[in-house]
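Since the structure comes first, as structure tokens, the remarks are kept for the end.
Rule-based calculations on the coordinates, nothing more; no lab input. Remember, it's a predicted structure, so these values are computed and weren't measured experimentally. Don't worry about glycine lacking a Cβ; one is built from the backbone with ideal geometry, like all the others, and counts go over all protein chains shown.
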Amino acid sequence: MIRRYLPKNVEELVHWYERYVSPLSLVAGFISDNLFLTRRVDLWTTNALLSFYLVVSAGGIVLLNRIESGRVLVRRLLSFAPIVPLVIQFAFGGLFSGFLSLYSRSAGDIISWIFVAIVAVLLIGNERFSRLYVRVPFQIAILFTTLFAFLIFFLPVVFHRIGEGMFIASGLSALAIASLFIILLMRLVPETRKHLTTTARAIAVIYIVFNILYFTNAIPPLPLALKDAGVYHNVVHDTVAGQYLLQGELFPWYERFLPIPSVFREAPGESAFVYTSIFAPSGLSTLVVDQWQWYDPAQKSWTTEASIAYQIQGGRDGGYEGYSEYPSPQEGKWRVNVLTGYGQLIGRVSFTVVAVPAQVPLESETK
């Protein structure tokens, strides 16, 4: 009677509960990310966890293929063979969950959400990939994808530099590591040589797609992230206290959570100030540009009225604070694009300027 409820081995256990094991592995990866993955990409705990996932997935791929080729003869290892694809799935799920968390915080435009959406699809689809993880080209394609996505922000953290050069270096490093892994896999499991052409094509396609996404600004500019931003009537930097005094208009509390442009009621002679707080990794110093744009209703296009550059220093948990000023902006729709020195969009502040005869009541806050 009891035998009906107990599997005789691991393979039967996986077969009985396969529909539950995959979702549970996804949930386990998500929970582990929230427990150990921090909001900062420059902390060792974040990179250690993601590196651990990469090592587990790579090791799982080697072990799985050695088992499939009959090169593992240890009975105890063979008894756990059905679990290996689930371990690989768990590791990739943890990577995609971590990438979704990190990249989404750095997405400042609709275009940059394309990459975030791709990561989300891979994360959700990971629960359906358990049967595909037995295929060598698929295994290595997903491994290369996660490796490339990791190196995009890991190398800038290590070398304290960002820009196109670091992205190219990330791609070349991912190709080199993937090549070494394939060579190692073929030596340990010669049967995988028959998949070399298909695997190489998959990697080439993924590499090209990453480059297209990056140079069209569809990949968020991680490790930079806009922590806070807004338009104000006055900004004063107290260098002694190390704080910023911001004076802005009164508005209902719920408007802070709505995706609607602010209204800047401009009295004669007033300037508009845009305050930003940008997270950057420790040791990184880079140029940031506030690009002030006004929407020309006659031309039906955005025109750049000013570009104000300033240097930021990384390492502050709340972000590096700064501001730019534009005197007497004309009425209409405005936006300030917060850009890297290479033109990538970190974030955007949108508002509408409305002329009023006298200054409106303001409230003050410090940050």
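Taking amide H as placed 1.01 Å from N in the peptide plane, the amide H of R316 sits under 5 Å from that of A280, each at least 5 places away or on another chain. For L188 and W113, a Förster radius of 35 Å and the Cβ-Cβ distance give a FRET efficiency of 0.30, rounded to the nearest 0.05. Would you please classify the overall shape of the range 312-367 from the alpha carbon gyration tensor, given that a ≥ b ≥ c denote the square roots of the eigenvalues, rounded means a/c under 1.5, and beyond that prolate means a/b larger than b/c while oblate covers the rest? Oblate, since a/c reaches 1.5 and b/c is not below a/b. Reported to the nearest whole Å, the Cα centre-to-centre distance from the range 179-236 to the range 307-367 is 31. At full extension, L287 and F215 could sit 24.1 nm farther apart than now, given 0.36 nm per residue minus the alpha carbon distance. In this label model, I308 and K333 are separated by 2.3 nm, measuring between points 7 Å along each Cα→Cβ vector. Amide H contacts of E266 (H built 1.01 Å from N, in plane; Pro and chain starts excluded): V354, A355, V356 sit under 5 Å, all sequence-distant by 5 or more or on other chains. At 0.890 mPa s and 25 °C, plugging the Kirkwood radius over alpha-carbon pairs of the range 291-332 into Stokes-Einstein gives what diffusion coefficient in µm²/s? Here the translational diffusion coefficient equals 192 µm²/s. Stretched out straight at 0.36 nm per residue, the stretch from H160 to R201 would grow longer than its current Cα-Cα span by 11.5 nm. On full extension, the segment bounded by A298 and F52 gains 83.0 nm, given 0.36 nm per residue less the C-alpha separation. Given axes a ≥ b ≥ c from the Cα gyration tensor, I'd like to know whether the range 86-211 is rounded (a/c under 1.5), prolate (a/b larger than b/c) or oblate. Cα axes put the range 86-211 in the oblate bin.
Once the Cβ-Cβ distance of S271 and I124 is raised to the sixth power relative to R0 = 35 Å, the FRET efficiency obtained is 0.15.
Quick check on the range 225-366: take the gyration tensor over C-alpha atoms, sort the square-rooted eigenvalues as a ≥ b ≥ c, and tell me if it's rounded (a/c under 1.5), prolate or oblate. Note, shape of the range 225-366 comes out oblate.
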